[in-house]
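Structure first, commentary second.
The values are calculated or read from the model by the stated rules, or taken from the named source; none is laboratory data. The structure displayed is predicted, hence computed values, not measured ones. We place every Cβ from the backbone using ideal geometry, glycine too, and count neighbours over all the protein chains shown.
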């Protein structure tokens with residue numbers, strides 16, 4: 001009987017211990033600089049430095065009815081301090097903000113910047129925000145929720 005109680009206590013302790021979460025904080029996921037990605041003929045974007053690969057065709061389909069210019073599009077991507085990916089490109093109307101999932105990018109926010117499309121986009125880290133420069137000296141500060149501040 002005593003052995004059963006001891007085994008029960010050990011089993012309960014193991015179960016309780018395995019359910020606890022191990023968390024490391026704070027973590028800053030930010031990429032210091034934006035990356036400019038060429039899209040290959042299959043629609044794949046790959047960054048060796050960050051071991052980052054995804055298919056960009058669904059993103060291009062969101063921005064345009066045609067994916068004929070797949071290999072000519074250069075995606076601009078930066079990762080913010082909280083781990084969100086900010087993505088846009090020349091002539092895109094939006095900035096897409098994705099959170100990482102298990103083998104997927106989950107759309108968090110889609111920010112409309114211009115009905116005509118933006119020109120000369122470039123991302124910068126401006127903690128705690130991401131800055132997007134575009135057009136004729138236009139600039140917005142954004143986070144995972146949307147535009148925080150516009151500057152001209």
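Annotations for the structure displayed:
- If you go through the range 100-130 and pick out every residue that is more than 15 Å from residue 35 (Cβ to Cβ) and buried (at least 20 other Cβ atoms within 10 Å of the Cβ), you end up with 2.
- The range 87-112: number of residues that are outside any strand (DSSP E or B) and more than 16 Å from residue 60 (Cα to Cα): 4
- The one condition in (1) in contact with a strand residue (DSSP E or B) (Cβ under 8 Å, 6 or more places away or on another chain); (2) touching a residue at least 24 places away in the same chain (Cβ under 8 Å) that residue 149 fails to fulfil: (2)
- Hits in the range 131-146 - residues which are surrounded by 13 or more Cβ atoms within 10 Å (Cβ to Cβ), assigned to a loop (DSSP other than H, G, I, E, B) and touching a strand residue (DSSP E or B) at 6+ places or on another chain (Cβ under 9 Å): 144
- All positions within the range 39-72 that are at pLDDT 85 or above, closer than 21 Å to residue 119 by Cβ and either in contact with a helix residue (DSSP H, G or I) (Cβ under 7 Å, 6 or more places away or on another chain) or part of a loop (DSSP other than H, G, I, E, B) (or both): 39, 56, 60
- Test for residue 97: is it at pLDDT 95 or above, surrounded by 21 or more Cβ atoms within 10 Å (Cβ to Cβ) and in contact with a strand residue (DSSP E or B) (Cβ under 7 Å, 6 or more places away or on another chain): yes
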